[in-house]
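Trainee: Take this structure, written in structure tokens, and hold onto it; I'll ask about it next.
The values are calculated or read from the model by the stated rules, or taken from the named source; none is laboratory data. This structure is a prediction, so every number in the text was calculated from the model and none was measured. Cβ sites come from the backbone with ideal geometry, for glycine too, and all protein chains shown count toward neighbours. In case anyone asks, the SASA skips ligands and DNA or RNA and just uses the protein heavy atoms, side chains included. Shrake-Rupley method; radii C 1.70, N 1.55, O 1.52, S 1.80 Å.
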Amino acid sequence: VVIQPRAAAGEPPVKKPEPVPQPSAVAEEPESKLPPAATPISLDQLNPTNWNQLFDRLGFGGVVGNIASHCVLQQIEGDTITLGLDENNATLFSDSYTARIQQHLSVTLNAPIKLKINVTPVQVETPSGRKQRLIKERRQQAFVDLQNDPNVQTLINDFSAVLVEESVEPVLHGARKQ
């Protein structure tokens, strides 16, 4: 967190960049409808509504995980899963990754599946987009919490300090910064 002195009189205020429009969030399933965290996910539990919420539990990693995190679940028909890969994040994608993602999902879901990946414009939130949105929401809440903190208010009032929003990092429960 950085608290800086206010700009001197006559200095122009610092303009904040305009927000970039983001894909809309997918309506998520209530936590009570999701399979318990300790149980493996099966193909019949996966659907476009809970894809983003269950994505981290699918255990993807590396480049394969990066590619999959930019996909939306378009449909499941029988044993065929169709994903839509955001065209803005498809630079690393090649057909070989379809086979690797298919293999990973088959093992993780404990069912042989067929996978189709369509590179397409994505208008809804991907797992990667959801993760970024949640980080941003936590950061914004941390900023509001700091603004309302009596000790920070004392610094602002007594020393004409300014709380720099970009310097605020939320503390993750149980995590420590090294």
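Trainee: Of the numbered conditions (1) part of a strand (DSSP E or B); (2) surrounded by 18 or more Cβ atoms within 10 Å (Cβ to Cβ), N52 fails exactly one; give the number of that condition.
Mentor: If we test N52 against (1) part of a strand (DSSP E or B); (2) surrounded by 18 or more Cβ atoms within 10 Å (Cβ to Cβ), just (1) comes out false.
Let's see how each residue does on (1) assigned to a loop (DSSP other than H, G, I, E, B); (2) open to solvent by 100 Å² or more (accessible area, probe 1.4 Å); (3) not hydrophobic (A, V, I, L, M, F, W, C):
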site: L92; (1), (2), (3): yes, no, no
site: A99; (1), (2), (3): no, no, no
site: L105; (1), (2), (3): no, no, no
site: A111; (1), (2), (3): yes, no, no
site: G129; (1), (2), (3): no, no, yes
site: I135; (1), (2), (3): no, no, no
site: R138; (1), (2), (3): no, yes, yes
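Trainee: Okay, next question. Can you tell me which of V162, V171, V122, V152 is touching a Lys or Arg at 6+ places or on another chain (Cβ under 6 Å) and modelled with pLDDT under 95?
Mentor: Only one candidate qualifies: V162.
Trainee: Considering only residues of the range 115-127 that are in contact with a helix residue (DSSP H, G or I) (Cβ under 7 Å, 6 or more places away or on another chain) and closer than 20 Å to L46 by Cα, which is surrounded by the most Cβ atoms within 10 Å (Cβ to Cβ)?
Mentor: T126
Trainee: Further, regarding this structure: Somewhere in the range 26-43, is a residue farther than 16 Å from G129 by Cβ, at pLDDT 90 or above and not in a loop (DSSP other than H, G, I, E, B)?
Mentor: yes
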